[in-house]
Each structure stands twice: as C-alpha cells, then as structure tokens.
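Engineer: The following block contains the structure, expressed as structure tokens.
Throughout, read-outs are computed from the coordinates displayed, never taken from laboratory work. Bear in mind that the values here come from a model prediction, so they are computed numbers and not experimental data. Glycine also receives a Cβ, built like all others from the backbone with ideal geometry; neighbour counts cover every protein chain displayed.
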Amino acid sequence: MGELQDIYGRGFKTLRVSLLSTCNLGCIYCTMGSEDEIAYDHRPQTPAARFIELIAAVHAHTGLKTIRLTGGEPLLYRELEAVISGIKALGITDIRMTSNAFLLERSAEKLQQAGLRSVNVSLDAMDANTFFAMTRRKQLPRTLQGIEAAIDAGLEVKINSVIMRGKNHDEVLPLLEYAFEHKVPIRFLEVMSMGHLFGKAGQYLFTQQNMLDTIATRYSFTRLPRKPSATANYWQTAQGDVFGIIGNESAPFCQDCNRLRLDAEGNIYGCLSSNNPIALNGSESSGELNEKLQQAMHQKQSLHFVGSELSMMHIGG
Ligand SMILES: Nc1nc2c(ncn2[C@@H]2O[C@H](COP(=O)(O)OP(=O)(O)OP(=O)(O)O)[C@@H](O)[C@H]2O)c(=O)[nH]1
Ligand SMILES: C[S@@+](CC[C@H](N)C(=O)[O-])C[C@H]1O[C@@H](n2cnc3c(N)ncnc32)[C@H](O)[C@@H]1O
Ligand code: SF4
Ligand code: SF4
C-alpha cells in the first residue's frame, strides 16, 4: 500500500467524487446550475459499477478511508444507493455527501441504510425571496424539509452557507438561529473566485472577519482549536453553540489539504483549481496507479514559506 505525499508533506485521506456535473438549482456563485429543470435530464450517467471499480483501485493502493460524494447535485444520480452500498462493501465506512437537499426528504432514510454517514447541505438564506435570488429556485421549504428528514434518519448533518456581500450577507444571523435551534453545525463560506466568478468575486467577498463582526452583534464567542486538514475554523458561543467559517479566500487551508478528486469521466485531480485531468482506467499496475496519484498530488497549490509566513502562489478555489 503506497503512502502518498507531496513535497510539502501533504498526504491523502479523502476522495471527493463528483458523480455528475448537472444540477437542479442554479446558485449564482456556481457554474453547475442551470435554468433548465435538469432533474428530467436523460443524458447517460456514469454507471455505479464504474465508480466502484475506480474507487476500489484507489482504496486498494492507498487504504483510502473517507469518500465524499458531490457533483453537480448527487441526489440527481440515479444509482446513488448502489454507489453508496458498493463503496461500503469495499470496507470504506466513512461515506459523506454534499447536497442541496432539494430531493433529500424522500431519500434520506434509504441513503442512511445504504451506508451514508453524513450530509453537508447548502442553505444560503432563510428568507424565501433571498433563497430564490441565490438559487433561482423558489422552494426553500423543500430544502428545510430535506435537512429535517436527514436529521430524523440519523444522518450527521452540517449546513454550508455561501455568503455574498450585497446578496445575502444579512442572512448570517437568521441562518445561525436556524442552525442553533435545530442543533445542526453551520459553516459560513467565503465566496470563491472560481468558474464564472473567476477574478470577479472580490465585489461579493464577505470575509471571515465580516462574518465574525456580524455574529458579534448578537453573540459572544471564543475560537476553538483548528483540527488538522479541516476546511473550517470553528467558534463556540457563550451558550455552547458551535459555528464554523470556511475562509476560502482570506484564510485558505491549502497548507494541510489532504484530498484528491475524481470526476464522472474517471479523471483524477489534485486540486480544485487543476485544469489537467489524469485519466484512471482502474486496471493500472500498482506502479502506474502510484505514478498517476503522485502526479495528482503535485497539482495542489504550491506553498511558499517567507520567513514564518505561509502564502500561496495562486489562490484558486
Ligand atoms: N479550496 C478548497 N475549498 C474546498 C475544498 N473542499 C471543500 N472546499 C470548501 O469547503 C466547502 C464545504 O465543502 P464540503 O463539500 O461541505 O466538504 P468539507 O467541508 O471538506 O467536509 P467535512 O469537513 O467532512 O464536513 C466547499 O463548498 C468549498 O467552499 C477544497 O478541496 N479546496
Ligand atoms: C458545487 S456544490 C456540489 C454539491 C451540491 N450541489 C451542493 O450545493 O451542496 C459543493 C459546494 O460548493 C460550494 N460552492 C460552489 N461554488 C462556490 C463558490 N463560488 N464559492 C464558494 N463555495 C462554492 C457550494 O456552496 C457547495 O457547498
Ligand atoms: S446546488 Fe450545488 S451544484 Fe447546484 S448550483 Fe448550487 S452549488 Fe452549484
Ligand atoms: S485549493 Fe487546492 S490545495 Fe488548496 S485546499 Fe483546495 S484542493 Fe487543496
């Protein structure tokens, strides 16, 4: 079994698998969304058996322990239960998903039974009009029902809220109240300069500090120690509630990034911002697979130490 590491000592623990690239929402910060009702998209999807074959090869070579299913919108993937149970049958028990929850109410229990452990749900507003402005879909109640069904099904749930200045920055406190009331951890995300927002996200950037200042108008809180390789920094309020912030732009976490990505075409990538797909076929020799995975590891953002300061060469997504 190979120990993957890049020149900065960053390892590999989590594979993010993009099951498909279509979506049934049209979030204004994301390029995956469409104005069409993609839920009725009949284009062929990559079979679950193919994903399992590729994941099995990576697992056998690296001892991979954590998979996160994402997309596009993973709940639009028709063989979702099969892919989850197939991953579980490989011996990987930490199976997570990131979803908009639009279709979660009807599937939460089945997915939990298939082996899904947790779901991170995107929720950017508690106000119906702002929800529509952010997602181009009117059905905030469906998302909330999806979250509540996931909690009832015994899934671990976290909320992801992308905050954009001038669009939904006044939703920070209402989202926080909802999360505290339902005892669900929430992370606020700085908007990333990627996709159609590449080079243009600055005007919408509501920084980690802006979010903390907003939360401080209602709560007092203290910072919790950062867990290694965590996307978020966490704080705890005086009442004991916890919230996180993913400072993609102002406090990136590239220094101990431990993930690789697999797309629906069977390409592996080292970084959110990589443009160089590395095709896997699942039947590589151990040496060939090692070479491809190492190549992917080297796609991660370069880190340069200037004195004790850590800075990135390129700030990608
Ligand atoms: N720059 C960068 N941002 C990422 C990466 N993975 C996730 N993010 C950011 O973190 C947000 C939340 O990601 P999730 O899909 O919920 O997963 P996660 O936070 O890595 O997962 P857990 O820690 O297991 O909950 C994303 O929307 C991105 O903003 C990554 O590899 N690079
Ligand atoms: C691309 S979506 C895929 C999974 C699913 N459709 C969802 O929305 O949760 C994964 C995550 O990326 C985040 N995301 C997409 N574009 C972003 C951007 N420009 N800045 C910050 N986060 C972004 C979403 O909020 C979501 O949490
Ligand atoms: S729900 Fe997810 S994939 Fe779909 S548009 Fe929103 S962020 Fe993008
Ligand atoms: S931008 Fe690349 S290196 Fe940085 S955390 Fe994301 S995937 Fe890892």
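Engineer: Which trypsin sites (Lys or Arg not before Pro) in the stretch 73-122 pass both tests, a DSSP loop state and at most 11 other beta-carbon atoms within 10 Å?
Structural biologist: Answer in residue order: 106.
Engineer: Among the listed pairs 88/183; 138/200; 158/183; 65/110; 13/292, which are separated by more than 19 Å between their Cα atoms?
Structural biologist: Where the Cα-Cα span goes over 19 Å, the pairs concerned are 88/183; 138/200; 65/110.
Engineer: Determine the shape class of the stretch 120-268: with a ≥ b ≥ c the square roots of the Cα gyration tensor eigenvalues, call it rounded for a/c under 1.5, and otherwise prolate if a/b is greater than b/c, oblate otherwise.
Structural biologist: rounded
Engineer: Okay, moving on. Report, in order of residue number, the helices in the chain meeting two criteria: a C-alpha extent of 20 Å or more along the helix axis, and a mean Kyte-Doolittle hydropathy of at least 0.5; treat each whole DSSP H run as one helix.
Structural biologist: Qualifying helices, which must be both long enough and hydrophobic enough, are 48-62.
Engineer: Sticking with this one: Which of 194, 164 comes first, and how do the rest follow, when ranked by fewest Cβ neighbours within 10 Å?
Structural biologist: 194, 164
Engineer: Now for a separate question. With a 10 Å cut-off between alpha carbons and a GNM built on the chain, which of 252, 277, 44 moves the most?
Structural biologist: Among 252, 277, 44, the largest GNM mean-square fluctuation belongs to 44.
Engineer: Given Cα pairs under 8 Å that are at least 6 residues apart, what percent is the relative contact order of the chain?
Structural biologist: 18
Engineer: Nearest-5 percent of antiparallel DSSP beta bridges in the stretch 182-291?
Structural biologist: Here the share of antiparallel DSSP bridges comes out near 75 percent.
Engineer: What share of Cα pairs, in percent, lie more than 38 angstrom apart in the chain?
Structural biologist: 11
Engineer: Return the aspartates and glutamates within reach of residue 167: Cα separation strictly under 17 angstrom, same-chain partners fewer than 8 residues apart disregarded; answer none if there are no such residues.
Structural biologist: 124, 127, 190
Engineer: Which ordering of 142, 261 is given by a fewest-first count of other beta-carbon atoms within 10 Å?
Structural biologist: 142, 261
Engineer: Amide H neighbours of residue 120 under 5 Å, at least 5 residues apart or on other chains, H built in the peptide plane: list them.
Structural biologist: Under 5 Å from the amide H of residue 120 lie the amide H atoms of 97, 98, 99, 158, each far enough along the sequence or on another chain.
Engineer: For the residues 54, 111, what sequence is obtained by ranking on other C-beta atoms within 10 Å, fewest first?
Structural biologist: 54, 111
Engineer: Please work out whether the stretch 203-244 counts as rounded, prolate or oblate from its C-alpha gyration tensor, where a ≥ b ≥ c are the square roots of the eigenvalues and a/c under 1.5 means rounded, while otherwise a/b larger than b/c means prolate and anything else oblate?
Structural biologist: oblate
Engineer: Specify whether the C-alpha gyration tensor of the stretch 101-151 places it in the rounded, prolate or oblate class, a ≥ b ≥ c being the square roots of the eigenvalues: rounded for a/c under 1.5, otherwise prolate if a/b is larger than b/c and oblate if not.
Structural biologist: prolate
Engineer: Is there a quick way to get the dipole size of the stretch 163-274? I mean about its Cα centre, with the Cβ of Lys and Arg at +1 and of Asp and Glu at -1; what is the value in debye to the nearest 20?
Structural biologist: Computed charge dipole of the stretch 163-274: roughly 200 debye.
Engineer: Hey, got the dipole for the chain? About the Cα centre, +1 on K and R Cβ, -1 on D and E Cβ, debye to the nearest 20?
Structural biologist: That gives the chain a dipole magnitude of about 280 debye.
Engineer: Related question: Counting alpha carbon pairs within less than 8 Å and at least 6 residues apart, what relative contact order, in whole percent, applies to the stretch 159-294?
Structural biologist: Rounded, it is 19 percent for the stretch 159-294.
Engineer: Rounded to the nearest 5, what % of the DSSP beta bridges within the chain are antiparallel ones?
Structural biologist: 35
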